[in-house]
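As structure tokens, the structure follows; a few thoughts come after it.
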Amino acid sequence: MTTLSVIIPAYNEEDGIQAIMERVLSTRAELREVGVDNLELIVVDDGSKDRTPELVMAQKDVRLLRHVKNGGYGAALKTGFAAARGEWVGFLDADGTYPPEYYPQLFEAASRQNADIVIGSRMAGADSEMPAVRRLGNLIFARLVSLISAKHITDSASGMRIFKKSILERLYPLPDGLNLTPVMSTRALHEQLKMVEVPIPYSERVGRSKLSVVKDGMRFAQSIVWTALTYNPVRPLGLTGLVAFAISALIGLGLIFFRLQGVNSVGPLGAFALFSALVLAVAGASVLTLGMSFNYFVALFHKSPIQQGLLGGRLFNRSPARHFGWGGLLLFFMGVLLGGASLVLGVMGWPVTRLWLYYLISACFALVGIQLAIAWVQMQVLDSLRIRDALVADDMHGKDHVSVSATEFNVKMMQPQA
């Protein structure tokens with residue numbers, strides 16, 4: 001017997017709650033056709049001040065859970081998750097924007113593809129009445145999740161989905177606000193749960209929207225990034241560092257180009273560009289190594305292997321951190337040698353107007369080299385702590401040994417050797 005528990009969080013939804021409950025309950029026959037024997041509908045009233053709870057109580061075959069005070073969209077959903085009796089849990093909004101008639105398709109996709117979580121995607125080609133601004137925002141959130149998790153998703157913030165209740169422990173903790181859905185998507189991808197998407201239509205809501213495009217949009221983006229940082233920090237931080245390095249390199253190539261053209265002086269913009277190149281190079285090294293160090297902290301906390309995953313596991317499949325020690329020292333000594341040579345040339349009479357650029361480059365090399373060397377030491381220590389228990393176990397139990405009794409040992413010693 002398979003049971004699907006559908007959760008509807010509701011806050012002052014008297015205009016639309018009756019219709020959405022009836023629509024959910026009307027799917028029972030179609031759900032039975034795809035293998036769902038029982039449908040449990042739970043409405044979580046999140047401190048409504050209107051007639052929402054009265055309307056829910058009047059509806060047959062619906063469980064009502066009530067918050068005394070408004071706790072937020074995510075808090076209401078988590079109350080429903082905890083009370084759900086089904087092996088599968090689904091949820092959708094109370095405002096009629098999501099089509100409950102698609103729950104049979106979502107469950108069928110879950111069964112066919114052996115998925116842990118199925119998202120009803122508003123961005124995958126089905127008809128949508130979503131306002132253009134919100135559509136753009138959801139597109140950005142999906143691209144952000146795809147970028148930092150290296151897995152494609154079209155609608156990370158969809159409020160209609162089903163999932164196995166057994167995976168909740170891996171998805172928690174989840175926030176109490178509207179950002180629960182993108183955080184759930186981000187966690188599911190990083191937890192290696194199988195997530196698939198089914199295109200669904202999307203309608204304009206009944207009543208006034210509670211979503212603030214700017215405020216909630218910023219919260220969504222922040223939540224996605226912070227969640228990713230707890231799983232694979234090197235991906236968002238490493239990509240940021242590489243972008244900084246790339247901009248710094250472009251400025252450096254521009255400088256070389258102008259030097260080859262015979263330009264030996266710089267104006268205010270040129271000076272600012274050179275200053276920016278130095279800052280970006282040092283900042284890029286700092287952010288990249290910070291991300292890699294954080295990955296060691298994550299592995300240490302979870303007692304798991306180090307994740308590199310900077311570019312989807314293709315680049316840096318083996319950690320580049322193993323080169324940071326000698327690479328950092330090499331850059332540092334290159335900077336010292338260039339700075340020393342510039343000093344000697346200055347003493348010999350070269351004007352500062354010719355030497356300042358070499359001093360700038362030498363400082364850049366030295367600072368980046370120091371940062372890489374420090375990061376290498378830090379990661380060696382963290383890696384030693386991460387594998388300490390395994391090393392202790394090896395030392396306590398021995399490696400590749402075979403137990404031999406005293407009698408067997410004496411017999412073997414008496415046998416002639418070939």
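The values are calculated or read from the model by the stated rules, or taken from the named source; none is laboratory data. What you are looking at is a predicted structure, and each value in this text was computed from that prediction instead of being measured. Heads up, the Cβs are rebuilt from the backbone with ideal geometry, glycines too, and the neighbour counts pull from every protein chain shown. Accessible surface areas use protein heavy atoms only, side chains included; no ligands, DNA or RNA. Shrake-Rupley method; radii C 1.70, N 1.55, O 1.52, S 1.80 Å.
Show me the strands (runs of 3 or more DSSP E) found entirely inside region 47-122 where at least 3 residues are open to solvent by less than 70 Å² (accessible area, probe 1.4 Å) and in contact with a Lys or Arg (Cβ under 9 Å, 6 or more places away or on another chain). Fully inside region 47-122 and qualifying: 88-91, 117-121. Just for region 174-198: of the residues that are part of a strand (DSSP E or B) and of a type in the set (A, V, I, L, M, F, W, C), which one is nearest to residue 231 (Cα to Cα)? In this case the residue turns out to be 195. The set of residues in region 147-165 being at pLDDT 95 or above and surrounded by fewer than 20 Cβ atoms within 10 Å (Cβ to Cβ) consists of 164, 165.
For region 178-198, give me each residue that is modelled with pLDDT of 90 or more and open to solvent by 60 Å² or more (accessible area, probe 1.4 Å). Listed by number, the list holds a single entry, 194.
When 6, 68 are checked against the criterion of being modelled with pLDDT of 95 or more and either of a type in the set (Val, Ile, Thr) or in contact with a Cys (Cβ under 7 Å, 6 or more places away or on another chain) (or both), a single residue qualifies: 6.
Taking region 241-271, which residues are closer than 30 Å to residue 298 by Cα and touching a Leu at 6+ places or on another chain (Cβ under 8 Å)?
First pass over region 241-271, keeping only residues closer than 30 Å to residue 298 by Cα: 241-248.
Selection gives 241, 242, 244, 245, 247, 248.
Look at residue 315 and say whether it is at pLDDT 85 or above and open to solvent by 50 Å² or more (accessible area, probe 1.4 Å). Taking the combined requirement at face value, the residue does not satisfy it. The requirement of being among the aromatic types (Phe, Trp, Tyr), under 21 Å from the mean Cα position of the chain (by Cα), modelled with pLDDT under 80 and in a helix (DSSP H, G or I) is fulfilled somewhere in region 200-221, by at least one residue.
May I ask you to say which residue of 382, 372, 360 is farther than 30 Å from residue 343 by Cα, open to solvent by less than 80 Å² (accessible area, probe 1.4 Å) and at pLDDT 75 or above?
Values: 372 fails: farther than 30 Å from residue 343 by Cα; 360 fails: farther than 30 Å from residue 343 by Cα.
Going through 382, 372, 360 in turn, just one is farther than 30 Å from residue 343 by Cα, open to solvent by less than 80 Å² (accessible area, probe 1.4 Å) and at pLDDT 75 or above: 382.
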